[in-house]
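The values are calculated or read from the model by the stated rules, or taken from the named source; none is laboratory data. As the structure is a computational prediction, the values presented were derived from the model and not from experiment. FYI the Cβ positions are ideal-geometry reconstructions off the backbone, even for glycines, and counts take in every protein chain you see. With ligands, DNA and RNA removed, areas are computed over all heavy atoms of the protein, side chains included. Shrake-Rupley method; radii C 1.70, N 1.55, O 1.52, S 1.80 Å.
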Amino acid sequence: GYSVEELEKHISLLHEYNEIKDAGQMLLGKLGYSVEELEKHISLLHEYNEIKDAGQMLLGKLAVIRGVTTKQLYPEYDLELND
């Protein structure tokens, strides 16, 4: 269901995207990084955030059970507020 003009526009956008992606990869290389390394760091950050969210959820439930704030639990577990 696309017109010729719409398909040409999509193709043009894909070419533009590829140029931007290639430029980004070249810049990463000049900075001493690889795409694979960046993807690994992003994956590790996602995993860290999931673990942190689970920990925050557990602290929240524990705080409710004890009738305190999560902030009050931080010193008990040697956590810093900006963790």
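For (1) modelled with pLDDT of 95 or more; (2) surrounded by 10 or more Cβ atoms within 10 Å (Cβ to Cβ), each residue gets a yes or a no:
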site	(1), (2)
Tyr2	no, no
Ser12	yes, yes
Lys21	no, yes
Gly24	no, yes
Val35	no, yes
Glu39	no, yes
Original post:
Which of the residues spanning region 46-83 are open to solvent by 100 Å² or more (accessible area, probe 1.4 Å) and part of a loop (DSSP other than H, G, I, E, B)?
Top reply: Asp78, Glu80, Leu81, Asn82
